[in-house]
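Notes follow once the structure below has been shown.
The values are calculated or read from the model by the stated rules, or taken from the named source; none is laboratory data. Note that the coordinates shown come from a computational prediction; the quantities given were computed from them, not determined experimentally. Here the Cβ positions follow ideal geometry from the backbone for every residue, glycine too, while neighbour counts run over all protein chains shown.
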Amino acid sequence: MKFANTRQAMAWLHTWLGLIFGFVLMICFFFGALSVFDREIDRWAIPDTRFDPQPMPSFDNVLIDVFNRTEPDIAEYNRLMPVYHDSAAGDITPRTELPADEYWAYTTHRDPVLLMGIGFRVPKPLNTKEHNHIHGRATIDPRSGEELPSNSLKIGSDWFYPLHYSLNLNWNFIGFYIVGIAAFFMLVALVSGVWIHRKIFREFFTFRREKKTQRATLDLHNMSGVVALPFHFFFALTGLIIFAAFYYLPVTNTMLKPLHDMHETMEANATGLPHQRLGITAQIASVDDMVTEAKRRWAARDMAGEVGFLMVHHVGDANSYVSIYRAGSDRVSLVGEGIHFKSSNGEVLREDPPHSTAKSIAEFLTGLHLQHFEHWFLRWLYVLGGLLGCVCIATGFIFFTEKRKQQHAKNNSQGSRIVDAFAITTVTGIIIAAVSMLVANRILPADLANKGDWEKWIFCIALSFSFLHATLRSSPVVRGEKNPAWREQCFIITALAITAVTANWLTTGDHLIKTIFTTPYWAVAGVDLSLLAVAATSWKAAARLQSESIEKEQSSSEAAYE
Amino acid sequence: MNNSTVWLIPAIILMLVAMGWLALSLPGHWKQVRSGKPASRRLRLAGWSAIVLSALCCLKADHATMAVLVWLMLMAAAAASVGMILSMRPRMLKWLSLGIFAEEFRR
């Protein structure tokens with residue numbers, strides 16, 4: 001590759017990296033924007049949980065019973081037990097007889113339901129140095145301690161949210177790596193994009209919609225990229241930082257493993273929090289008293305707050321301790337001011353000290369991405385930032401094909417036809433998939449076995465449908481014209497979004513007048529209103545594309561008469 | 001809405017006005033709104049001052065770490081809004097093109 005100057009090289013880089021990784025980034029930005037309101041989408045999808053957020057319930061009266069009856073996950077047991085168990089030491093322990101090693105419970109200011117988990121230990125492990133945990137999970141109504149039906153899927157926090165960082169491709173963490181690489185090249189595309197942009201300040205506010213598609217699209221691409229540049233940059237960067245230590249550069253668990261293990265032991269010594277079980281059985285004292293004491297200590301430090309995360313380590317052992325963390329809803333940084341208690345007598349073992357500057361910066365950066373704070377206005381601004389990212393990527397695709405399709409038509413090349421079909425799948429297709437999933441959620445019977453899996457399948461089928469449709473309808477692109485699938489899929493989105501709102505009303509009785517005025521419930525009202533906004537926008541886009549194509553037909557038929 | 005949250009309202013308005021002035025400081029956009037030429041330096045000064053004032057309002061509303069994020073995101077939202085207004089209904093910004101911001105005024 002030879003370039004006349006740096007700018008040309010940068011343009012090449014921007015074009016091709018943007019194109020290849022744009023398809024992935026589109027999913028990250030769109031479903032990332034939806035994840036800002038993941039809990040609210042959960043409420044919409046699971047009508048039984050449409051009640052107000054609850055504080056952490058009593059451990060002694062509610063949580064302990066749930067922990068006692070929760071079993072290890074069947075699939076995880078079948079997958080991991082043969083790996084962890086030392087068959088030379090004796091028979092494999094049956095699933096329901098695994099002893100618990102740790103308990104945790106987690107809630108936020110937006111959660112009516114409580115998420116709980118157990119790490120079960122393997123009594124005869126092959127590798128005694130590892131934790132060897134097999135997990136069990138439960139989501140409960142904190143008011144009654146009753147478990148949510150297991151067939152319901154939290155569409156927001158268990159499908160859209162992981163989709164934006166893992167594409168829900170969990171085999172060997174392949175999705176995490178694809179997203180990580182895409183995020184890295186997003187940073188490259190941002191830098192090269194700024195480099196090749198001739199008039200950043202002079203065209204900062206410029207969108208000439210009356211110009212022809214190629215020019216207007218480039219204007220919109222530049223504007224959506226530049227005005228939200230800090231957002232795009234920091235979200236790609238912090239997204240990488242959050243996963244860096246776990247997946248992308250796991251040196252502490254691979255190359256530096258001995259150092260890592262030594263650090264764990266030293267930390268245990270320094271903090272006085274036992275690293276291992278002692279092997280002596282012990283009872284647990286009242287955790288509710290520990291919670292009261294933790295709240296008193298936070299209040300004394302002028303940071304009164306609720307419990308966000310509670311964890312019991314080494315359950316049932318003399319070395320057991322309880323860690324209680326504060327819900328960080330009033331700040332950006334993701335810190336918990338953890339206070340740790342000895343389980344057997346409730347004595348305070350340790351209070352986490354304030355963090356060093358480096359640690360605080362890291363916590364600010366991860367906190368600004370994970371947004372545990374309570375700030376509804378900023379949440380909406382984040383949605384806007386995410387959608388501006390989508391606009392930027394989508395207009396990038398359109399500019400790519402607009403610039404090339406006449407040339408490709410002359411050379412009889414299929415290039416822009418293929419790119420255009422992929423663009424349709426990742427622009428209108430992902431919206432169709434997301435809304436289809438919501439429609440399916442409301443239409444499928446509530447007691448259907450594995451209802452959540454059906455919903456996932458419908459998401460995938462809808463996305464494949466969009467791709468097939470876009471491909472089958474793509475022949476006009478070869479003649480340098482628009483693919484009618486853009487317009488048709490916009491109509492489909494409109495129909496689906498209206499169906500979703502109507503189905504919500506019919507199946508739950510929660511219509512907008514009720515959720516906004518008579519008994520306000522903003523989580524559901526917000527999802528409904530957003531769906532209506534989507535319906536209106538896609539209707540407008542479809543109508544515009546329709547009138548354009550009719551005009552074109554008329555002018556070409558007039559030309560034929562002359 | 002608690003007491004300090006009210007400060008977000010002036011923060012939003014100031015940021016929109018600021019972005020409007022910065023846009024009008026560019027002759028091309030000024031021409032979309034009214035005839036003549038803009039007093040660009042004066043408009044830019046006004047625009048940046050409004051951005052700073054908006055930052056102060058954000059600081060009144062929230063803890064500093066949160067305020068930084070609100071302020072940056074508000075900038076993006078306001079800039080995009082002004083861009084779209086200039087594209088669809090530029091004359092909505094006429095009230096920002098006060099006489100003192102026109103070039104003739106200086107002479």
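Assorted remarks:
- Scanning region A:459-482 finds one or more residues that are at pLDDT 95 or above, loosely packed, with under 15 Cβ neighbours inside 10 Å and either within 30 Å of A:Leu148 (Cα to Cα) or touching a Leu at 6+ places or on another chain (Cβ under 7 Å) (or both).
- Selection status of B:Met88, in contact with a Ser or Thr (Cβ under 9 Å, 6 or more places away or on another chain), within 18 Å of A:Phe204 (Cβ to Cβ) and either within 12 Å of chain A (Cβ to nearest Cβ) or basic (Lys, Arg) (or both): no
- Among (1) of a type in the set (D, E, K, R); (2) at pLDDT below 95; (3) part of a helix (DSSP H, G or I); (4) over 19 Å from A:Leu545 (Cα atoms), the one test that A:Glu402 misses: (4)
- Residue in region A:329-349 that is in a helix (DSSP H, G or I), hydroxyl-bearing (Ser, Thr, Tyr) and within 14 Å of chain B (Cβ to nearest Cβ) present: no
- Looking only at residues in region A:45-74 that are hydrophobic (A, V, I, L, M, F, W, C) and in contact with a helix residue (DSSP H, G or I) (Cβ under 6 Å, 6 or more places away or on another chain), the one that is surrounded by the most Cβ atoms within 10 Å (Cβ to Cβ) is A:Ala45.
- Of all residues making up region A:350-398, the number that are away from chain B (no Cβ under 13 Å) and free of Cβ contacts under 8 Å to residues at least 24 places away in the same chain: 8
- Matching helices (runs of 4 or more DSSP H) fully within region A:1-116 where at least 1 residues are under 30 Å from A:His221 (Cα atoms): A:6-35, A:38-45
- Single match in A:Gly145, A:Gly117, A:Gly193 (criterion: in contact (Cβ under 8 Å) with a residue 12 or more places away in the chain, at positive phi and more than 16 Å from the chain's Cα centre (by Cα)): A:Gly145
- Each residue in region A:350-375 was checked for being in a helix (DSSP H, G or I), of a type outside the set (A, V, I, L, M) and surrounded by fewer than 13 Cβ atoms within 10 Å (Cβ to Cβ), and 2 of them qualify.
- The set of residues in region A:504-522 being closer than 21 Å to A:Ser436 by Cβ and in a helix (DSSP H, G or I) consists of A:Asn504, A:Trp505, A:Leu506, A:Thr507, A:Thr508.
- In region B:61-77, residue modelled with the lowest pLDDT [restricted to those that are assigned to a helix (DSSP H, G or I), over 16 Å from the mean Cα position of the chain (by Cα) and at the interface with chain A (Cβ under 7 Å from one of its Cβ atoms)]: B:Thr65
- Residue in region B:40-59 that is within 13 Å of chain A (Cβ to nearest Cβ), part of a helix (DSSP H, G or I) and over 24 Å from A:Phe231 (Cβ atoms) present: yes
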